[in-house]
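The values are calculated or read from the model by the stated rules, or taken from the named source; none is laboratory data. The structure presented is a predicted model; accordingly, all values stated were derived computationally and were not measured. All Cβ positions, glycine included, derive from the backbone under ideal geometry; neighbour counts span all protein chains shown. Note: areas computed on protein heavy atoms with side chains; ligands, DNA, RNA excluded. Shrake-Rupley method; radii C 1.70, N 1.55, O 1.52, S 1.80 Å.
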Amino acid sequence: MAEQDALEEGISLYNRMNYTGALSFFLSLPPESGADPVDLAYYLGLCYAKLKRYDDAMIYLEQVVTGFSGDSASLGTQGEAAVKKTPESDRLLQCRYLLAIIYSMTGRQQLADFELNNLMQSGYKTASLYASFAYSAWEKGDSATCISYYEKALEADENNPTALNGLGYVLASQNKDLAKALSYCKKALSLAPDSAACLDSIGWVYYKMGLYSQARKYLEQAKRKDSQNEVISKHLYEAEQVDQ
């Protein structure tokens, strides 16, 4: 109880989405605070991830994964039957998933695949996990596997915006069933109307359909929301070249 009390103020800040404040609190805790090192590493990892300081997040999330002992440490390596549903196992799965995402985002694809496979073996077969596998396959140029995983994601959750958007984008990029691609992307955008990725995807579908004015409309919105995104900039440039 004392260990949790030591973290309580920082957890409250984190839950209120004050990630900078929470991070400062956790970093300022003295060694004699009584906080459990694994608990502290967990919250530090979450804060750094929220603040997009991914290299720092990896350090602490990896500490959590390696900090489990006994049955918990083997979670994800002995198959679905080995999983014991506890708060600790949930936390371990969460950290593995975050690490997979961060590894993928920072170009460490082998490490990302390792964590994703561990999660799959543990029985953690969520829409988000399938969507992550799909993205990994797309990055490797394997569009067939990518589409298959996005379809599995939608079987797990038909309203998952990441899977809907991803599948629509991939179909459009492959010039496959553009009407279906548009339907997926429209549904994704309805679920995540402020998403630059969803705006970009629907714009890209319209571009592939030859509806260039519509394409520019959505791609310009995407650009305003994420001006540094190179893919969005490239899509908008291509749409501008033909819509003159």
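Structure summary
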| read-out | value |
| --- | --- |
| Trypsin sites (Lys or Arg not before Pro) restricted to DSSP loop in region 171-238 with at most 13 other C-beta within 10 Å | K176 |
| Degrees separating the helix 230-242 axis from the principal Cα axis of the chain, which is the longest one | 10 degrees |
| For region 133-244, alpha-carbon Rg and Dmax in angstrom | 13.1, 43 |
| Kirkwood-type radius of region 189-244, with distances r between different C-alpha atoms, in Å | 10.6 Å |
| Whole-Hz couplings from phi, Karplus 6.51/-1.76/1.60, listed for region 8-21; x for Gly and Pro | 4, 5, x, 4, 4, 4, 4, 5, 8, 6, 8, 6, 5, x |
| Degrees between helix 143-156 axis and first principal axis of the chain (Cα, 0 to 90, nearest 10) | 60 degrees |
| Structure-based [θ]222 nm, the chain - -39500 (n - 2.57) summed over DSSP H runs of at least 4, per residue, nearest 500 | -23500 deg cm²/dmol |
| E32, E240, E158, reordered so the largest accessible area comes first (probe 1.4 Å) | E32, E158, E240 |
| Nearest 10 degrees, 0 to 90: helix 37-50 Cα axis against the chain principal axis | 20 degrees |
| Within straight-line cross-link reach of K125, aspartates and glutamates at Cα separation under 17 Å, skipping those fewer than 8 residues along the same chain | E80, D90, D113, E115, E151, E155, D157, E158 |
| Rg [Å, one decimal], Dmax [Å, integer] - the chain, C-alpha atoms | 20.5, 67 |
| Estimated vicinal HN-Hα couplings, Hz - region 212-223 in sequence order (Karplus 6.51, -1.76, 1.60; Gly, Pro = x) | 6, 5, 5, 4, 4, 4, 6, 5, 5, 5, 4, 4 |
| 14 Å Cα-Cα reach of K217 towards aspartates and glutamates, excluding residues that sit fewer than 8 places from it in its own chain | D200, E238, E240, D243 |
| Of all accessible heavy-atom area on region 124-244, the percent that carbon and sulfur account for (1.4 Å) | 45 percent |
| Flagged links, alpha-carbon separation over 23 Å, of K176/K225; K186/K225; K176/K234; K52/K223; K186/K223; K187/K208 | K176/K225 |
